[in-house]
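A short worksheet on the structure shown next.
The values are calculated or read from the model by the stated rules, or taken from the named source; none is laboratory data. Since we're looking at a predicted model, the values are computed, not measured. Positions of Cβ are generated from backbone atoms using ideal geometry, with glycine treated the same way; all protein chains shown enter the neighbour counts. Side chains included, ligands, DNA and RNA excluded: accessible areas come from the protein's heavy atoms. Shrake-Rupley method; radii C 1.70, N 1.55, O 1.52, S 1.80 Å.
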Amino acid sequence: MDPEAGINRTAITEFILLGLVETEKLQSVLFVLFFFAYLVTVGGNLSLLAAVLLEPKLHTPMYFFLGNLSVLDVGCISVTIPSMLGRLVSHKRTISYDACLTQLFFFHLLAGVDCFLLTAMAYDRFLAICRPLTYSTRMRQTVQRMLVAVSWMCAFTNALTHTIALTTLDFCGPKEVNHFYCDLPQLFQLSCSSTQLNELLLFAVGFIMAGTPVVLIISSYIHVAAAVLQIRSVEGRKKAFSTCGSHLTVVCIFYGTGIFNYMRLGSEEASDKDKGVGIFNTVINPMLNPLIYSLRNPDVQSALRRVFVGRPPLP
């Protein structure tokens with residue numbers, strides 16, 4: 001490595017985000033699609049949050065976590081899409097070094113909270129189905145708030161660790177990021193210093209941030225499945241599984257796209273695929289979550305109707 005490469009770490013003060021398409025006509029179509037997706041996602045998640053807050057029947061631990069998940073989804077899409085829309089309008093694809101790191105930090109912060117929050121929701125289902133007699137005690141409001149607080153603390157530590165580690169890398173050219181937002185795999189490709197330690201850190205912390213929640217979620221649902229299969233009533237089994245189906249769907253989509261993106265570290269040959277995964281992570285997942293949780297849930301559906309129609313909740 002050139003010894004002068006790391007002398008001036010501010011040699012690059014901005015990056016160029018290449019985005020999804022090159023031609024101006026396609027950029028206009030892209031703007032309309034992503035602007036519409038942003039409005040739908042924010043509107044859907046805020047509507048779900050309003051239903052959880054206003055409907056007394058939804059004042060339960062499961063919906064408390066779901067309301068928090070809606071806030072995270074709004075935050076996650078707001079970290080990446082508005083800035084992308086702004087670049088499409090202005091036709092300026094540059095982003096400053098500091099803004100890039102800030103975007104990366106908040107993206108990993110919100111995604112990290114998502115990891116632990118989905119785990120807390122699995123734990124909630126485990127207690128509700130496998131330990132119903134002690135559920136109200138083990139999942140009281142204090143416990144719910146502690147689980148959310150711990151999720152934020154762990155995610156903050158993860159995001160700050162990766163951001164600080166990234167500042168130790170030298171960027172002296174090129175500066176074209178083949179993506180529509182700043183993320184670790186794509187920035188690793190641009191570093192003119194060794195990224196070996198950063199990649200090892202990503203794998204190690206990723207194993208803790210993703211591996212531990214996955215193990216806990218799988219363990220919870222093994223116990224849930226065993227308990228549900230002991231229910232003699234077909235209707236009872238169907239109702240128990242339906243309360244878990246939405247959560248499992250969200251978990252599979254979230255972890256599937258995340259593992260695909262970060263475990264390969266975004267090789268240059270797979271950059272276009274990484275963009276597709278990025279769309280799933282930042283747009284599709286947050287947009288689908290309100291639909292998934294309300295599609296087969298009559299309580300949420302009736303609450304949403306009351307939110308939009310304005311009728312008072314039923315006694």
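Brief remarks on what is shown
- Take F156: with every protein chain present and a 1.4 Å probe, its accessible area is about 100 Å².
- Helix axis angle, 196-206 relative to the chain longest principal axis, alpha carbon, degrees: 10
- Assigned charges on the beta-carbon of Lys, Arg, Asp, Glu; the chain dipole about Cα centre (debye): 1780
- For H162, the accessible surface of its heavy atoms amounts to roughly 10 Å² (probe 1.4 Å, protein chains only, rounded to the nearest 10).
- Computed helical MRE - 222 nm, the chain, DSSP H runs ≥ 4 contributing -39500 (n - 2.57), nearest 500: -24000 deg cm²/dmol
- Low-density loop cleavage sites - GluC sites (Glu not before Pro) in the stretch 1-101, where at most 13 other Cβ are within 10 Å (DSSP): E4, E22
- Helix axis angle, 298-309 relative to the chain longest principal axis, alpha carbon, degrees: 70
- Compared with the dominant Cα axis of the chain, that is its longest principal axis, helix 285-295 is turned about 10°.
- FRET E, pair H223, V309, Förster distance 30 Å, beta-carbon r, rounded to 0.05: 0.15
- Here the Karplus relation 6.51 cos²θ - 1.76 cosθ + 1.60, evaluated at θ = phi - 60°, turns the backbone of the stretch 79-89 into coupling constants of 6, 10, 6, x, 5, 5, 4, x, 5, 5, 6 Hz, with x for every Gly and Pro.
- Relative intensity, log₁₀ I(q)/I(0), of the stretch 1-153 from a Debye sum that treats every alpha carbon as a point, q = 0.14, 0.21 Å⁻¹: -0.84, -1.28
- Rough spin-label spacing in nm, given labels placed 7 Å along Cα→Cβ, for V234 and E176: 6.1
- Within the accessible surface of the stretch 87-212, defined with a 1.4 Å probe on protein heavy atoms only, the carbon and sulfur portion equals 67 percent.
- Computing FRET efficiency as 1/(1 + (r/R0)^6) for I164 and K57, where r is the C-beta to C-beta distance and R0 is 35 Å, gives about 0.20.
- Highest-fluctuation residue, L202, L66, L229 considered, GNM on the chain with Cα pairs under 10 Å: L229
- Rel. contact order, % - alpha carbon contacts under 8 angstrom, at least six apart, the stretch 16-309: 29
- Here each label is just a point 7 Å from Cα along the line to Cβ, and for S191 and F207 those points are 1.9 nm apart.
- Among F280, F65, the order of accessible area from largest down is F280, F65, computed with a 1.4 Å probe on protein heavy atoms.
- Between the C-alpha center of the stretch 152-195 and that of the stretch 51-103 there is a gap of 21 Å.
- Stokes-Einstein D (µm²/s) once Rh is taken as the Kirkwood radius of the stretch 16-309 over alpha-carbon pairs, at 20 °C in 1.002 mPa s: 105
- Label-to-label distance, nm, for residues given as D98 and L33 (7 Å Cα→Cβ offset): 3.5
- Taking all protein chains as shown and a probe of 1.4 angstrom, V21 keeps an accessible surface of around 40 Å².
- Compared with the alpha-carbon gap, the fully stretched path from K273 to R145 is longer by 42.3 nm at 0.36 nm per residue.
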